[in-house]
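**Student:** Mind having a look at this structure? Questions to follow.
The values are calculated or read from the model by the stated rules, or taken from the named source; none is laboratory data. Source: prediction; values computed, not measured. A quick note on method: Cβ atoms are made from the backbone with ideal geometry, for glycine too, and the neighbour counts reach across all protein chains shown. Note: areas computed on protein heavy atoms with side chains; ligands, DNA, RNA excluded. Shrake-Rupley method; radii C 1.70, N 1.55, O 1.52, S 1.80 Å.
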Amino acid sequence: MSSTTPTPTTNGGGAGAGAPPKKHQYDPVFTDSVIAATGPKASPRMRQVMASLIRHVHDFARENDITVAEWMQGVEMLNWAGQMSNDRRNETQLLCDVIGLESLVDEITSKLLVGADADYETTKSAILGPFFRKDTPPTENDASIIKNLPPDAEVAYMHGVVSDAATGTPLAGVTVDVWQCSTNGLYEQQDPEQTEFNLRGKFTTDENGYYGLYCIRPVPYPVPYDGPAGKLLQLLDRHPYRPAHIHIMAGNDKYTPLVTQIFDRKTQYLENDSVFAVKDDLVVDFKPITGHSKASLELEYNIRLAAMKPRA
Ligand code: BEZ
Ligand code: FE
């Protein structure tokens, strides 16, 4: 830009790095007056969070000179997400996932629950995603979660020990929920061809903290692409794929529940997960095993849980 270019009077278009902030032309007291409308009975948390949200959303609209037509497109997208959502599909959550919001609030939550200053390492968390089922029945250790074995699947013996992250003591009686999709990229509740609870199990650690099961080597799959989240991905010129992963939820009444995912080191999309959930510590190795009648691969995955913090 030459030195003779006039300075814009609005802040539309965004300032370049190092450029002074541009002055906008909109009512300077409008946002404060909206925040000030909050009544005395609003809870302190509601007052704080909504004031911050209103300020950020107003700044976003001003900074980008959002027009009525553009705002209405956003409203229609949210309406579409709500209309598509039901107890088997949460499109609004998916919209949050593709802009990284579920991953961000997961990071915030785990820092608050475990404590950012803890001097021990817990297993890292990752997003729950929309396909968890609360009602998975209890499963015996060393059972298989494969009710329908696809012809192209590799079977893996997955096992590990759950321990207290601070002391290393193995923990008995911890519930370990595991779920994954089939090789067609669909979870059982998305696919009428799969038996109910296929590729899901809810295990309990024994007196040595051990859990074990047979599962399939996971495959990459696209997040549902036929709704507003898919539309947003297209508009942003992004692909919908997730790297191959297995979901885990582990905990009991004395330990902070862990929700996480483990990712196959050999999978595609580790570097560009469509929902931004990969963490280095969660990348695992499936190793060939021989002389095992039920599996051709082994995956050892130990889990370290944080004891619940006493209430302040
Ligand atoms: C999943 O891992 O199952 C998932 C996570 C976020 C969005 C869609 C799917
Ligand atoms: Fe998944």
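**Student:** Which condition does ASP119 not pass, out of (1) among the charged types (D, E, K, R); (2) more than 22 Å from ALA306 (Cα to Cα); (3) modelled with pLDDT under 95, if it passes all the others?
**Tutor:** Every listed condition holds for ASP119 apart from (2).
**Student:** Let me ask you something else. Report, by residue number, each residue of region 167-213 that is open to solvent by less than 50 Å² (accessible area, probe 1.4 Å), within 16 Å of ligand 2 (Cβ to nearest atom) and of a type in the set (A, V, I, L, M, F, W, C).
**Tutor:** Residues satisfying the conditions are VAL178, TRP179, CYS181, PHE197, LEU199.
**Student:** On to the next question. Answer yes or no: is there a residue in region 191-207 that is assigned to a helix (DSSP H, G or I) and under 20 Å from the mean Cα position of the chain (by Cα).
**Tutor:** Start the filter on region 191-207 by keeping residues that are assigned to a helix (DSSP H, G or I), which leaves none.
There is no residue in region 191-207 that is assigned to a helix (DSSP H, G or I) and under 20 Å from the mean Cα position of the chain (by Cα).
**Student:** For region 214-259, enumerate the residues that are of a type in the set (Val, Ile, Thr), buried (at least 22 other Cβ atoms within 10 Å of the Cβ) and either farther than 25 Å from PHE203 by Cβ or within 11 Å of ligand 1 (Cβ to nearest atom) (or both).
**Tutor:** Filtering region 214-259 for residues of a type in the set (Val, Ile, Thr) gives 216, 219, 223, 246, 248, 256, 259.
From what's left, buried (at least 22 other Cβ atoms within 10 Å of the Cβ): 216, 219, 246, 248.
ILE246 - this is the single residue of region 214-259 that is of a type in the set (Val, Ile, Thr), buried (at least 22 other Cβ atoms within 10 Å of the Cβ) and either farther than 25 Å from PHE203 by Cβ or within 11 Å of ligand 1 (Cβ to nearest atom) (or both).
**Student:** Right, another one. Identify the single condition in (1) more than 15 Å from ligand 2 (Cβ to nearest atom); (2) on the phi > 0 side of the Ramachandran plot that SER110 does not satisfy, given that it satisfies every other one.
**Tutor:** (2)
**Student:** One residue is enough: does region 272-279 have a residue meeting the conditions open to solvent by 80 Å² or more (accessible area, probe 1.4 Å) and among the polar types (S, T, N, Q)? I'd like the intermediate steps shown before the answer.
**Tutor:** Of region 272-279, the ones open to solvent by 80 Å² or more (accessible area, probe 1.4 Å) are 276.
From the residues that got through so far, the ones that are among the polar types (S, T, N, Q) too are none.
No, every residue in region 272-279 fails to be open to solvent by 80 Å² or more (accessible area, probe 1.4 Å) and among the polar types (S, T, N, Q).
Here is a yes/no grid of residues against (1) free of Cβ contacts under 8 Å to residues at least 40 places away in the same chain; (2) within 16 Å of ligand 2 (Cβ to nearest atom); (3) open to solvent by less than 70 Å² (accessible area, probe 1.4 Å):
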{"position": "PRO44", "(1), (2), (3)": "yes, no, no"}
{"position": "ARG47", "(1), (2), (3)": "yes, no, no"}
{"position": "HIS56", "(1), (2), (3)": "yes, no, no"}
{"position": "PHE60", "(1), (2), (3)": "yes, no, no"}
{"position": "GLU70", "(1), (2), (3)": "yes, no, no"}
{"position": "MET77", "(1), (2), (3)": "no, no, yes"}
{"position": "ASN86", "(1), (2), (3)": "yes, no, no"}
{"position": "ARG89", "(1), (2), (3)": "no, yes, yes"}
{"position": "VAL114", "(1), (2), (3)": "no, no, yes"}
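**Student:** Okay, moving on. Counting just the residues of region 27-42 that are surrounded by fewer than 10 Cβ atoms within 10 Å (Cβ to Cβ) and not charged (D, E, K, R), which one comes out modelled with the lowest pLDDT?
**Tutor:** It comes out as PRO28.
**Student:** Another question about this same structure. With the structure loaded, tell me whether ASP135 is open to solvent by less than 70 Å² (accessible area, probe 1.4 Å), assigned to a loop (DSSP other than H, G, I, E, B), of a type in the set (D, E, K, R) and more than 16 Å from ligand 1 (Cβ to nearest atom) or whether it fails that test.
**Tutor:** On the way: open to solvent by less than 70 Å² (accessible area, probe 1.4 Å): no; assigned to a loop (DSSP other than H, G, I, E, B): yes; of a type in the set (D, E, K, R): yes; more than 16 Å from ligand 1 (Cβ to nearest atom): yes.
No.
**Student:** Hey, among VAL155, VAL178, which residue is more than 16 Å from ligand 1 (Cβ to nearest atom) and in contact (Cβ under 8 Å) with a residue 40 or more places away in the chain?
**Tutor:** Selected residue: VAL155, the only one of VAL155, VAL178 that is more than 16 Å from ligand 1 (Cβ to nearest atom) and in contact (Cβ under 8 Å) with a residue 40 or more places away in the chain.
**Student:** Exactly one condition in (1) open to solvent by 100 Å² or more (accessible area, probe 1.4 Å); (2) within 15 Å of GLU63 (Cβ to Cβ); (3) modelled with pLDDT under 75; (4) not aliphatic (A, V, I, L, M) is not met by THR7; state its number.
**Tutor:** Checking THR7 against (1) open to solvent by 100 Å² or more (accessible area, probe 1.4 Å); (2) within 15 Å of GLU63 (Cβ to Cβ); (3) modelled with pLDDT under 75; (4) not aliphatic (A, V, I, L, M), the one that fails is (2).
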